[in-house]
Amino acid sequence: MKNLIHLFVTSALTLGAAAVMGQESGNLNVQTIVQKEEIVVDIDGRQRTQLVAATEVVPGDEVVYTITFHNISDKAAENVVVTNPIAAELTYIDRSAFGPGARIEFSVDGGRSYAVAEQLAVLEDDGETRPARPEDFTHIRWSLATDLVAGAQGVARFHARLN
């Protein structure tokens, strides 16, 4: 029988200098880093974008959540699922979720159900339904398609804007 590994990552917007939250779940070590993109000029005068710690974020700023998970056991981790709530102060940036080898799904009901973005709908106050928009998303879930072998590491990422 395969064991199920489900990680639920806390997504509070951390603005401290380290901006890192870690947790250990079974045989997986999980870390979440909150960063923002910054344009820097290199020594040759060329501009490039790099990720830096999100030590100061103001409304309208975009932040990048990177969740890394490392199998620290000597056995493969099977059925790995990483779930990350989107803080109420944030709005998911459309099509920014990334996770190699993972099926990416979203929730609009506080994490009770998940589907790919195009299949989600929201019930309006007037009783009509409409397609869900990025601002409706409350959670993101990455389900790995294959086992995470011993010693392997995976990554999941998404962008959001501070309201």
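The values are calculated or read from the model by the stated rules, or taken from the named source; none is laboratory data. Just so it is clear, the model here is predicted, and its values are computed rather than measured. Using ideal geometry, Cβ is built from the backbone for each residue, glycine included, and neighbour counts are taken over all protein chains shown.
Within segment 10-43, if we keep just the residues that are within 29 Å of A150 (Cβ to Cβ), at pLDDT below 50 and not small (G, A, S), the residue that is farthest from the chain's Cα centre (by Cα) turns out to be E24. In segment 98-133, which residue that is of a type in the set (F, W, Y) and crowded, with 17+ Cβ neighbours inside 10 Å is nearest to the chain's Cα centre (by Cα)? Looking at residues that are of a type in the set (F, W, Y) and crowded, with 17+ Cβ neighbours inside 10 Å, I get F106. Determine, yes or no, whether R103 is among the basic types (K, R) and touching an Asp or Glu at 6+ places or on another chain (Cβ under 6 Å). For R103, the condition - among the basic types (K, R) and touching an Asp or Glu at 6+ places or on another chain (Cβ under 6 Å) - is not met. Taking (1) in a strand (DSSP E or B); (2) under 17 Å from Q153 (Cα atoms); (3) without any contact (Cβ under 8 Å) to a residue 60 or more places away in the chain in turn, P100 satisfies each apart from (1). Elements of the type strands (runs of 3 or more DSSP E) sitting completely within segment 105-163 and holding at least 1 residues that are touching a residue at least 24 places away in the same chain (Cβ under 8 Å): these cover 139-144, 153-162. Among the residues making up segment 134-163, a single one is small (G, A, S), surrounded by 19 or more Cβ atoms within 10 Å (Cβ to Cβ) and over 28 Å from P59 (Cβ atoms): G154.
The rows are residues; the columns are (1) part of a loop (DSSP other than H, G, I, E, B); (2) surrounded by fewer than 19 Cβ atoms within 10 Å (Cβ to Cβ); (3) touching a Gly at 6+ places or on another chain (Cβ under 9 Å); (4) modelled with pLDDT under 95.
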{"site": "G45", "(1), (2), (3), (4)": "yes, yes, no, yes"}
{"site": "Q50", "(1), (2), (3), (4)": "no, yes, no, yes"}
{"site": "T55", "(1), (2), (3), (4)": "yes, yes, yes, yes"}
{"site": "V81", "(1), (2), (3), (4)": "no, yes, no, yes"}
{"site": "A88", "(1), (2), (3), (4)": "yes, yes, no, yes"}
{"site": "S96", "(1), (2), (3), (4)": "yes, yes, no, no"}
